[in-house]
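The values are calculated or read from the model by the stated rules, or taken from the named source; none is laboratory data. A quick note: this is a predicted structure, and the numbers were derived from the prediction, not measured. Glycine also receives a Cβ, built like all others from the backbone with ideal geometry; neighbour counts cover every protein chain displayed.
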Amino acid sequence: MVKDLIYVIPKEKHSEEDLKKILISHPEIKFVSLVGIDLSGNDTDEKIPIKIFLEDISTFLKGAIQTDGSSVVLPGIASLNNAKVDMLADTDVNWFIEYNYEHIDPQTGNPIGTLRIPCFLYHENKAVDSRYILKRSIEHFKETLLDLFKKYPKSLLPFGVNYDDIDKIVATCATELEFWVQTPNDKAHVEELSTSQVLHEQYWTRTKGAVRTALEQSLLLMEAYGLEPEMGHKEVGGVKAKLDQSGNFTHIMEQLEIDWKYSTAVQAADNELLVRTIVKETFRRNGLDVTFLAKPIEGVAGSGKHTHIGIALKLKNGKRVNLFSAPKHHFLSTLGYASIMGILKNYEVINPFVSSTNDSLRRLKPGFEAPVCIVTSLGNSVEVPSRNRTILVGVIRDLQNPLSTRFELRAPNPHTNTYLSVAALYLTMIDGIKYAITNNRTEDELLEELSKKPEDDSAYLEKGRAYRSEEDVFEDFTEEERIKFFGKAPATVYENLTAFDVYPEKTATLMAGDILNEKIINSFRLGTTTRWLVEINNRIISNYSDEIRSYKMLHSIDKALDLDVASWMKINELRHYIMKDSYSKQSLFTRIKNATDAKNYKEVSVLQIELDEKMKQLRDLYSSYKKNLLDI
């Protein structure tokens with residue numbers, strides 16, 4: 001029987017005395033694991049017996065544990081001949097205890113626990129990890145904003161605040177987590193999933209059976225960890241499950257979403273990491289697979305991770321002031337307009353941190369409520385908050401609760417490195433704020449600039465671009481208009497990464513404060529490029545090969561019509577073009593592999609786009625061919 005478990009050691013209890021008292025009184029906690037986050041968002045995990053930790057807590061917290069640079073993604077920083085990476089505990093956030101519910105401690109009858117301690121990764125005495133980058137970015141944001149307030153005290157007048165009233169600046173963040181769940185080895189047809197999605201047959205319907213149990217258990221466990229879950233529900237994707245002879249559901253294929261309360265930026269990112277583990281393990285214990293892939297099934301809705309950003313002042317009298325909330329006749333305050341302008345202007349160099357995988361870019365397609373355009377929506381009137389779901393950055397407003405005003409970035413997916421993406425958001429927001437405060441811009445002037453037409457000149461935003469739309473970006477603009485007004489979205493990981501070179505002035509904005517510096521950005525690029533190439537050559541091509549081999553001739557010669565024969569000839573010709581080499585001609589697969597070996601990454605990118613187009617064409621042809629056959 002599980003009893004008297006603790007799930008959190010709050011930051012106020014990280015002294016040696018408190019830790020010893022807590023850990024000795026909970027003998028089911030058998031291990032300690034230091035959790036560092038590399039530049040790809042991977043978290044470290046190791047099992048250190050609690051006895052060893054208790055013998056010398058001070059040394060452990062100050063960096064006694066080291067890891068090999070080859071075990072974390074820090075290319076260009078930790079090399080084979082200089083690989084030592086020190087792990088230094090972060091005592092300013094909550095520490096969580098994870099329990100193995102399948103391993104029971106015979107002494108206490110409780111599951112075995114592991115204390116997970118978030119830490120920073122240091123190489124040559126410099127922090128080089130994602131957590132530290134976010135922490136420093138938030139500190140830089142706060143320091144810069146306080147300095148601006150001090151130099152330009154008029155900027156505080158709209159909030160009815162004086163500089164001396166300020167206790168501190170609070171940067172808040174929250175993420176939402178979407179994911180797909182299924183019974184192992186069961187598959188649903190794409191057309192069936194797509195039809196159910198269009199008809200909204202699954203959206204916010206009831207969960208049943210093992211899915212319901214796992215969802216409820218996940219929410220209750222999140223509550224135990226103090227994460228304050230707000231909602232768990234079905235998302236748009238999925239099909240109706242089937243019942244077996246025992247009354248159990250099989251062929252489960254559903255998309256779910258879980259939301260929980262906001263926190264400070266670093267703590268919010270840590271919380272998300274914990275929620276992913278809770279969800280994955282809880283559903284697994286109920287016999288279900290969970291995937292956090294952005295686009296696990298082509299042609300069906302992918303999974304997002306909407307990221308919410310806010311800024312507030314905490315005053316010395318205890319009051320809070322939301323720095324995005326507007327005067328009565330505006331959508332946003334000057335700082336709100338300026339912040340969203342900073343994000344939109346510089347989004348090309350934020351995007352690599354948001355969408356760094358093949359999967360993530362496949363999700364960002366028109367028609368799936370996934371943003372492809374660098375644009376925001378404010379609403380048609382101040383009295384009616386916007387609910388436009390086709391834009392990149394939404395403004396969330398509650399007229400009855402000014403403290404709730406915040407931004408929602410809709411592009412992230414479950415595998416987005418929240419630490420780096422949120423760091424990039426705050427670094428670009430402060431760029432917009434600097435512009436607004438140092439130039440004494442009013443709400444009216446900033447709203448006019450944000451709402452400008454592409455041909456209008458602007459002191460901060462780019463000529464030739466529009467940044468606000470209250471229309472449906474997918475339905476009311478052609479593809480050519482979207483590209484013209486809002487910029488061309490990257491089609492591949494390579495195209496996304498080239499933004500650092502194409503927009504040097506925007507990259508310089510990211511590098512302010514020497515936090516996301518050249519060395520860090522280069523390491524991130526190297527790691528992301530390697531992962532992109534390995535996935536194409538070792539996973540995508542392999543999966544496509546199996547798919548292509550499954551497309552076999554189904555008609556019999558004596559019963560086939562000329563249309564069936566012609567359709568199969570087109571299919572077979574396309575199969576050979578993609579996959580089959582001859583003496584005179586190389587397949588698309590081989591050309592990709594050769595371009596990879598030659599390190600011609602631009603060519604790999606071009607060929608990847610062609611490959612995805614050819615595979616879509618092949619799927620459509622085979623589907624039409626199969627539907628026309630009476631006998632299979």
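Checked against the criterion of being over 30 Å from His140 (Cβ atoms), outside the structural domain of Ile138 (by TED's automatic domain parsing) and under 24 Å from the mean Cα position of the chain (by Cα), the stretch 545-566 contains not a single residue that satisfies it.
Being among the polar types (S, T, N, Q) and modelled with pLDDT under 95: is that true of Ser623 here? Answer is yes for this residue. Against the conditions (1) under 26 Å from Thr528 (Cα atoms); (2) free of Cβ contacts under 8 Å to residues at least 60 places away in the same chain; (3) not aromatic (Phe, Trp, Tyr), Gln586 satisfies every one except (1). His233 falls short on exactly one of the conditions (1) in contact with a helix residue (DSSP H, G or I) (Cβ under 8 Å, 6 or more places away or on another chain); (2) modelled with pLDDT of 85 or more, and that condition is (1). Among the candidates Arg397, Arg389, the residue that is under 19 Å from the mean Cα position of the chain (by Cα), surrounded by fewer than 24 Cβ atoms within 10 Å (Cβ to Cβ) and not assigned by TED's automatic domain parsing to the domain that holds Lys616 is uniquely Arg389. Scanning the stretch 305-312 for residues that are of a type in the set (A, V, I, L, M), touching a Leu at 6+ places or on another chain (Cβ under 9 Å), at pLDDT 95 or above and crowded, with 24+ Cβ neighbours inside 10 Å turns up at least one hit. Every condition in (1) in contact with a Phe, Trp or Tyr (Cβ under 6 Å, 6 or more places away or on another chain); (2) in the same structural domain as Asn440 (by TED's automatic domain parsing); (3) crowded, with 21+ Cβ neighbours inside 10 Å is met by Pro153 except one, and the failing one is (3).
Considering the stretch 553-605, the residues that are of a type in the set (Val, Ile, Thr) and over 17 Å from Gln617 (Cα atoms) include one that is modelled with the lowest pLDDT, namely Ile557. Has the stretch 460-479 got any residue that is in the same structural domain as Leu146 (by TED's automatic domain parsing), surrounded by fewer than 23 Cβ atoms within 10 Å (Cβ to Cβ), touching a His at 6+ places or on another chain (Cβ under 8 Å) and not in a loop (DSSP other than H, G, I, E, B)? No, the stretch 460-479 contains no residue that is in the same structural domain as Leu146 (by TED's automatic domain parsing), surrounded by fewer than 23 Cβ atoms within 10 Å (Cβ to Cβ), touching a His at 6+ places or on another chain (Cβ under 8 Å) and not in a loop (DSSP other than H, G, I, E, B). The criterion of at least 1 residues that are modelled with pLDDT under 95 and more than 28 Å from Glu281 (Cα to Cα) is met, among strands (runs of 3 or more DSSP E) falling completely within the stretch 43-161, by 84-89, 111-123.
Being crowded, with 24+ Cβ neighbours inside 10 Å and part of a helix (DSSP H, G or I) is the filter; apply it to the stretch 404-425 and report the residue that is nearest to the chain's Cα centre (by Cα). The qualifying residue nearest to the chain's Cα centre (by Cα) is Thr418.
When we screen Leu533, Leu497, Leu526 for residues that are farther than 26 Å from Met341 by Cβ and in contact with a Pro (Cβ under 6 Å, 6 or more places away or on another chain), the only hit is Leu526.
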